[in-house]
Amino acid sequence: MLSAAVLWGLFALIGTAKGLYPFIHLVNPTLPPRLYHGCYGDIMTIETSGAPCDGNMVINCGIRGSEMFAEMDLRAIRSYKTLIKEVGQRHCVDPALIAAVISRESHGGAILRDGWDHTGLKFGLMQLDKKTYHPVGSWDSKEHLMQAVGILVDRIQAIQRKFPTWSAAQHLKGGLSAFKSGIETIVTPSDVETDLVNDLLARAKFYKRHGF
């Protein structure tokens, strides 16, 4: 019988071969929030500058600005905490990252009308554009969130395949950017260092510290 150490070594080796970051979290997805970060990198170790600053947003910018917006949405997003964690573990994505996307895109659903944005083009907690996707399920359902997070995972994995020498952090950033702008917009490492990505990562860290 193989020892526990050997088994864990085999799991890690298989995960590396498949390009997952890290495979160990697929084996035990019930780790405490502070330890579970899914398969695509640890958000708490990725540097971010937070929300962009300009002349009109000197206070509500940077990491503190992102945290302020995340805190404003915290009550609404907490009502989906169990759902977010379940979907995150099913897709091996950090629930805090999902919460951050929901915060930025729909403020926890607070700004939506029957699940749609004010233009009637984007639907659901993570705001899928109906011109690009065919949303399924009700706007705040498990079915729909599974679809949206699945699309995010597809984008991250597409960036992994397109840029195999990039780091896990760059793959994650690229996937977040491609979720909104498309894979074709990512050409160089500088293309993933966007205001959107920096804001999302700062919000995600906030939600991680609040139990997601």
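Quick note: the coordinates plus some simple rules give every number you see, no bench work behind them. Everything quoted here is computed from the prediction, not taken from an experiment. Counting neighbours? That spans all protein chains shown, and the Cβs are built from the backbone with ideal geometry, glycine included.
Of all residues in the range 157-194, count the ones that are within 18 Å of residue 69 (Cβ to Cβ) and either of a type in the set (Lys, Arg) or in contact with a strand residue (DSSP E or B) (Cβ under 7 Å, 6 or more places away or on another chain) (or both).
Qualifying residue count, the range 157-194: 1.
In the condition set (1) farther than 23 Å from residue 47 by Cα; (2) crowded, with 22+ Cβ neighbours inside 10 Å, residue 202 is compliant with all but (1). Residues of the range 128-167 that are among the aliphatic types (A, V, I, L, M), farther than 18 Å from residue 106 by Cα and surrounded by fewer than 20 Cβ atoms within 10 Å (Cβ to Cβ): 153, 158. Total residues in the range 118-146 satisfying the condition of being part of a loop (DSSP other than H, G, I, E, B) and within 26 Å of residue 205 (Cα to Cα): the figure is 7.
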